[in-house]
Amino acid sequence: NIWVAELEKDYMTIKENTMHPCIHVSQKWEEVWPRVNEGSFVVKHEDLYYMTYSANSYESQFYGIGCATATDIMGEWKKYDTNPLLQKPEGLVGVGHSAMFVDKEGSLRIVYHAHKDMQHIHPRAMYIGKVDFVDENGIAIMKISQDYIVPHLVK
């Protein structure tokens, strides 16, 4: 399960009575092994909050990234019926535990870990994809590109 809570001014202590459940395992693709939702990350686009999260174990080829939205971060979250947004893009398995950032060109990017095959799940590597919001019936729908780049350490 993924929860949200308000923090005290020290940014470490949870304010009493503010914990609120956001999402739990509720879709078929999330029930492979083990039954878990984890690794959430939230961005706000226009008037909606978008939460990416991962389901299943990183050891599973079915580990993937889903999305849920809410109008209030402490309110009700609704998962996309079309989840997962990213699972097993070409050449990768165990895709998940993501975070997003804006690159120097102003594009929204998503970074996640994955492995190349089921025989060698370690070490996991990082990959970067592109995130877009596509208008569908007046609602901005998050899309994650199946294409990815491999970051390289520059010394």
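All of the numbers you see were taken from the coordinates with simple rules; none came from a lab. Bear in mind the structure is a predicted one, so any value in this text is a computation, not a measurement. Neighbour counts are summed over all protein chains in view; Cβ atoms, including those assigned to glycine, are modelled from backbone coordinates with ideal geometry.
Taking packing as the residue-averaged number of other Cβ atoms within 10 angstrom, the listed peptides 98-104, 75-81 run from highest to lowest as 75-81, 98-104. Based on alpha-carbon atoms, the Kirkwood radius and the radius of gyration of the chain give Rg/Rh equal to 0.98.
State, as an integer percentage, the relative contact order of region 55-155 based on alpha-carbon contacts under 8 Å between residues 6 or more apart. Dividing the mean separation by the residue count of region 55-155 yields 20 percent. All Cα-Cα distances of region 47-132, cut into 10 Å bins from zero to the largest, leave 17, 45, 30, 8, 0 percent in each bin in turn.
Charge tally around GLY94: other residues with Cβ under 11 Å, Lys/Arg +1 each, Asp/Glu -1 each, net +1. In terms of the mean number of neighbouring beta-carbon atoms within 10 Å, the peptides 105-111, 91-97, 47-53, 138-144 order highest first as 91-97, 47-53, 138-144, 105-111.
When only alpha carbons are used to place a centre, region 17-59 and region 98-155 end up 17 Å from one another.
So, counting K/R as plus one and D/E as minus one, what does the shell of residues with Cβ under 13 Å around ASN37 add up to?
Numbers: positive: ARG35, LYS79; negative: GLU30, GLU31, GLU38.
Within the 13 Å Cβ shell, the charges total -1.
The three principal axes of the C-alpha atoms in region 106-155 carry coordinate ranges of 43, 31, 12 Å, sorted with the longest axis first.
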